[in-house]
Each structure stands twice: as structure tokens, then as C-alpha cells.
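K.L.:
Just passing along the structure, written as C-alpha cells.
Every number here is computed from the coordinates shown, using simple stated rules; none is lab data. This is a predicted model, so every value here is computed, not measured. Every residue, glycine as well, gets a Cβ built from its backbone with ideal geometry; the counts of neighbours run over all protein chains shown.
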């Protein structure tokens, strides 16, 4: 039972770690995408003007 519980805790910790890493990557991707979109918009506005 104790070994089982320890394994369950380990699995939970690993999945939490994976979720947080994935969330960080998604956040970074969203941020860089937002920056890229902003830069493109600025260029388009300059071209229009």
C-alpha cells in the first residue's frame, strides 16, 4: 500500500510538472505571437500611411 501511494504521488508530481512546463511554453508562444502580430500591424500601418 505504501509503495502504491508513493508511486501515485510521484505520478501526480510528474504530471503537475508537465502541465506547468506546457503552460509556460504555451504562454511564451502566445507572448511571442502577440509581439510578432504587433510588429506586423505597426509595419502595415506605416505602409498605409
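K.L.:
Out of (i) 13.9; (ii) 13.6; (iii) 11.9, which label holds the value of Kirkwood radius over Cα pairs in Å that was computed here?
P.N.:
Read-out from the structure maps to (i).
K.L.:
Nearest 10 degrees is fine. How inclined is helix 2-48 to the longest principal axis of the chain, computing both from alpha carbons?
P.N.:
Approximately 0 degrees, to the nearest 10.
K.L.:
Subtracting the Cα-Cα distance from 0.36 nm times the residue separation, let me have the gained length for residue 48 to residue 29 in nm, one decimal.
P.N.:
Extra length available between residue 48 and residue 29 comes to 4.0 nm.
K.L.:
If I model a spin label as a point 7 Å beyond the Cα along the Cα-Cβ vector, how far apart are those points for residue 21 and residue 4 in nm?
P.N.:
Here the answer is 2.9 nm between the modelled labels.
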